[in-house]
Amino acid sequence: MIPAPDDDAHADEILDPGEGAGERRLLTNGDLARIFHEIGDILEVKGELVFKTVAYHRAADALGRAPFDVVTAYRDGPAPRIPGVGAAISDKIAELATTGRMAFLERLRAEVPASLVELLRIPGLGPRTVRQIHETLGIRTLEDLRAAAEAGTLRQLRGLSAKTEALILEGISRLDAQPRRLFIHQAEATVEGLVAALESTPGLRRIVAAGSLRRRCETIGDLDLLAETDDPAALVERFTTLGIVDGVIHRGGHKAAVRLLRGPQVDLMLMPPGEDGTYLIHFTGSKEHNVLLRARARDRGWSLSEKGFLRIGEDGEPLTGEAAELRTFATEAEAYAFLDLPYIEPELREDRGEIEAALERRLPRLVQHAQLRGDMHTHSEWSDGMHSIEVMAEACRRRGYAYQVLTDHSQSLAIARGLSPARVEEQRGIVAELNARFAAEEAAGSAPPETPAEGFRLLHGCELEIRADGQLDFEDDLLASFDVVVASLHVSRRQPRAELTRRTLNAIRSPHVDVIAHPAGRMIQGRDDLDLDWEVIYDAAAGTGTALEMNGSPHRLDLAVERARRAVEVGCRLTIDSDAHKTAELDYVRWGVDQARRAWVEPTAVLNTRPRDDLLAWVAGKPERAG
């Protein structure tokens, strides 16, 4: 049978075909989800290909969300179609459903101790190193690893050093000190899965995300859902019995809270039909924004809560009897208007001056995803990308962009297979050939329907490395031949502030560098920001017109919101880019837009909201601006 390892609470089995009915319960969808997540974890430790481990985790999520009893369906008829579950995994489910066992999982458990999976949570510690330290030193747990690193034992192994030990100890300390939060794309995917699992519930009219996800915060702790329903009991029942629910924290008539399997707490709040306005405001937050709204309401003689505006007397207490009055609103805009405020976008609700700006009618016109005319930071298989130049360009073309800047890495970044000058010239020829084809297709009327009126062109650029000595990775004459140059700093990150700032300024002041990519070099929850003198950086970037990037990779989101807002205040231009290494990652630009909106950024501050000719004219003016 299939008990969960080291966890008696989940050591349940399914019925064998020959056993009497009622002797053992069938595995639930949640049990199946745990089993397939476990397989994905073990395969990761074994160093299997990423696509295989991801497939098992994706299947686990799909099984947990399935709206029917999966084991029963497999036992009673042909295998059902479950999105995210391929043929090989379906066969393993069938084996479980008919025999009560899975030979594949039993073999994996015999090969890999379950405790090794926990070691993968340490930033920078990959499956190969986990296997090495286990097989060589017998390390099985986090505490074993901590003790070995503190004793200096790890550095005896090939490829490991005192620096490796220090980084491992630092990573363990971070795990101890900070609960891991969801990246924004993980949080949204989780919410989308929950909504898909709940949307067929009888009586449900609407269900939306609230809380920090709706404000588009860069990381998310707990998730909040708001639902409008005619049948609260049915929705609470469905929500609390989903297969991906690991435990029910609270279950009531109008609210429920659960802990997801391998996931966060999710709170579900129910709102009466037609009264969404104050519910959405209250549960979107932030807390500080809501405090200001409640104070403004009290000044006008009302108490504000999620249920609406309740009239209060001179003593500040709600009026009762015939004098009692409750005002509710169908939309947030109506609720804000009741306080004589214009609608405030969720991304701005952080008590960073938005109430004052609303009162003075100077709220920003926030940049929108549809206003981006191109992506200025993308990679191909020529350096560390996955897809060809042509495939990446066609994907951008079909997104309706007027341009894509190809920015493969420069020569000194060997880990990313950076391009030598000779390879740059070879790549330039491919770019020219593609642009000739694009132009011909546009002239013939055979371009994709998404192609804008100005047409699509692939712009030849590079991601130029700022070397440890502060020099730029290509000579000026080669840099001058690119359409756009994006510069970044990847190496020698622990230099003193003055040196890191000097290196960044060398790029900003170059007549050929147009954008500084991911300026802080941050990796959220994984790596500290570069220690730069930011005010000096902002002044130089504003003076030379060198754009600072808002990188949309959900692991970076760099510039951070506070820095982006300050940069715009002092006159800097920004770009919002995907840093895509494959076509699917082109969507990352949306997370960059979200953070730009949180930073109060308007489209006029973003270079890649400009038409292609305007962008190239700006780039052409860099030598003069740089002096």
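Here is how the numbers come out for the structure above:
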item	result
In the range 132-153, the residues that are assigned to a helix (DSSP H, G or I) and either surrounded by fewer than 16 Cβ atoms within 10 Å (Cβ to Cβ) or in the same structural domain as E48 (by TED's automatic domain parsing) (or both)	E135, T136, L137, E143, A147, E150
All positions within the range 312-330 that are surrounded by 15 or more Cβ atoms within 10 Å (Cβ to Cβ) and under 30 Å from A596 (Cα atoms)	F329
Qualifying residue in the range 563-581 (condition: crowded, with 22+ Cβ neighbours inside 10 Å, without any contact (Cβ under 8 Å) to a residue 60 or more places away in the chain, aliphatic (A, V, I, L, M) and in contact with a Cys (Cβ under 8 Å, 6 or more places away or on another chain))	no
Scope the range 560-588; condition within 23 Å of A542 (Cα to Cα), under 14 Å from the mean Cα position of the chain (by Cα) and hydrophobic (A, V, I, L, M, F, W, C); matching residues	A560
Those residues of the range 154-204 which are among the hydroxyl-bearing types (S, T, Y) and either part of a helix (DSSP H, G or I) or at pLDDT below 85 (or both), in sequence order	T164, S173, T190
Subset of the range 425-474 (residues that are touching a residue at least 60 places away in the same chain (Cβ under 8 Å), among the acidic types (D, E) and in a strand (DSSP E or B))	E463
R109 of a type in the set (K, R), part of a helix (DSSP H, G or I) and more than 30 Å from P78 (Cβ to Cβ)	no
Residue check, E624 charged (D, E, K, R) and closer than 22 Å to E347 by Cα	no
A234 being in a helix (DSSP H, G or I), closer than 25 Å to P554 by Cβ and touching a residue at least 24 places away in the same chain (Cβ under 8 Å)	no
Output for the range 85-116, where each listed residue is in contact with a Lys or Arg (Cβ under 9 Å, 6 or more places away or on another chain), among the hydroxyl-bearing types (S, T, Y) and surrounded by fewer than 16 Cβ atoms within 10 Å (Cβ to Cβ)	T98
Pairs where the first residue, in the range 292-317, is without any contact (Cβ under 8 Å) to a residue 60 or more places away in the chain and the second is part of a loop (DSSP other than H, G, I, E, B) and aromatic (F, W, Y), C-beta under 8 Å, 6+ apart	G308/F329
Unmet criterion (only one of (1) touching a Phe, Trp or Tyr at 6+ places or on another chain (Cβ under 8 Å); (2) touching a residue at least 60 places away in the same chain (Cβ under 8 Å)) for L226	(2)
Of all residues in the range 468-485 being under 16 Å from L419 (Cα atoms) and in contact with a Lys or Arg (Cβ under 8 Å, 6 or more places away or on another chain), the one that is surrounded by the fewest Cβ atoms within 10 Å (Cβ to Cβ)	S481
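The values are calculated or read from the model by the stated rules, or taken from the named source; none is laboratory data. Just so you know, these numbers come straight off a predicted model, no measurement behind them. Here Cβ is always computed from backbone atoms with ideal geometry, including for glycine, and neighbour counts include all displayed protein chains.
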